[in-house]
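The values are calculated or read from the model by the stated rules, or taken from the named source; none is laboratory data. Fair warning: this is a prediction, and the values are worked out from it, not measured in the lab. Note that we place each Cβ from the backbone using ideal geometry, even for glycine, and neighbour counts take in every protein chain shown. The protein model used for the area step is the full one, side chains on, heavy atoms only, and it has no ligands, DNA or RNA in it. Shrake-Rupley method; radii C 1.70, N 1.55, O 1.52, S 1.80 Å.
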Amino acid sequence: AAVYTLASVFSKGLAIITVPIFTRIMSTSEIGVVNLYNSWNSMLNAVVTLSLTSGGYSAALKEFGKERDQYQSSVLSLTSFVALIVALIYIICPSFWNGLTGLSTDLMVLMLIGFFVAPAYDFWLARQRYEYKYKLAGSLTAITALLASLCAVMIVLHMNAKELSDVANGRLYASNIVSYIIYGILWFIIIFRGKTFFNKKYWKFSLQLSIPLIGYALAAQVLSVSDRMMISKMVDNSAVGIYSTATKMEKIISNVVSSIVFVLIPRLSYMFEAEDYNKINMLLRKVLLTFITIGLPCYVGATILAKESILIIAGKGYIEGALTLQILLISFLFSLVGGSFLGNVVLLPSGNEKKFMIICCISTIFNIIANAFIIPLFGANGA
């Protein structure tokens, strides 16, 4: 658990470490474009991957214990097939989708490439976690994040020196292409090892588990990223840049918790299967006690020092994001209990996917309606 957590914190932490660099070499509008792209990518990815890497993936690895290579290649073929269909839908009417997302054709093409190769990494990493093969998984996660960040910074500096436009596009291509090369290699390895493109048994088993989660996954992503999309439409991309910078600073803390949560899920799945509820209660108490005694005081301090943190990390141009950061930090305390612990740690491993989906869908609908009324009045902080 410690290795996975550290690797995830390192990779996600690089996004925070590079914030002071990007906020000083890119405009707020350019950073807004980057975050708008990331928002659409994460939201659409939930549908394109059919949520096959959600809670049902661990169950499938257990069900097909002696056929894991064949199973992996088969479900990877399924996500690749869906990605090709999505690409075809885009090709039929690119101008419509460009207008809907607010993204250029170059960025939409980059996103479509990711839909094809990224599931390979997700499947590979999920299996590494399930089989407790932490060394290679942790190393690859950290190295990929480091190379992607270095390439992005170098490209932006080069484009600024040459006074080139579309700096946001350059940054996104530089960071993502590095990752996509590694994902592509994993794609070929999984297909070559499994040599199974279609298997009705694998597809049926996985889809039965994942389809109920698509609604949850989509709702969760819409809940997470719809604010940036609506800010872009109702205010401007500059406001998205400031808002997203504050969001990134908050994410480093939430990612630490999320890393721990995802490591706990396989262990809890075994406990639920064995109906060992005493051990489940003991484990959850230990996690919550650790957070209350160590994490919470640090969290309160970070909230109080939000303004100073913005000035140091992002600069004066982003001072408007100080209040945003405080609001986000406070709201995360609620999502920690409702989303991370109640949802991922209790409801999903215990087989209550539908309850989790209903909770998330109601929250998402309420959030979008509230944003429609509040963002025009209070700007990004209204979100």
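Quick notes on this structure:
- Point-charge dipole on Cβ atoms (K/R +1, D/E -1) for the range 10-166, about Cα centre, debye to 20: 520 debye
- Partners for LYS66 among lysines (Cα-Cα distance below 25 Å; same-chain residues under 8 apart left out): LYS133, LYS135, LYS195, LYS200, LYS201, LYS204
- In the assembled protein chains, CYS361 presents an accessible area of approximately 40 Å² (probe radius 1.4 Å).
- Sequence-distant lysines (8 or more away, or on other chains) whose Cα lies within less than 19 Å of LYS251: LYS12, LYS307
- Rounded, prolate or oblate (a/c below 1.5 giving rounded, otherwise prolate when a/b exceeds b/c) for the range 46-190 by Cα gyration tensor: oblate
- For the range 147-250: rounded, prolate or oblate by the Cα gyration tensor [a/c cutoff 1.5]: oblate
- Each label point was placed 7 Å from the Cα along the Cα-to-Cβ direction; for SER29 and PHE96 their separation is 2.9 nm.
- Solvent-accessible area, 1.4 Å probe, carbon plus sulfur percent, for the range 126-204: 68 percent
- Percent accessible area from carbon and sulfur atoms, the range 31-90, protein chains only, probe 1.4 Å: 62 percent
- Ranked from largest to smallest solvent-accessible area, with a 1.4 Å probe on the protein heavy atoms, TYR37, TYR173, TYR134 come out as TYR134, TYR173, TYR37.
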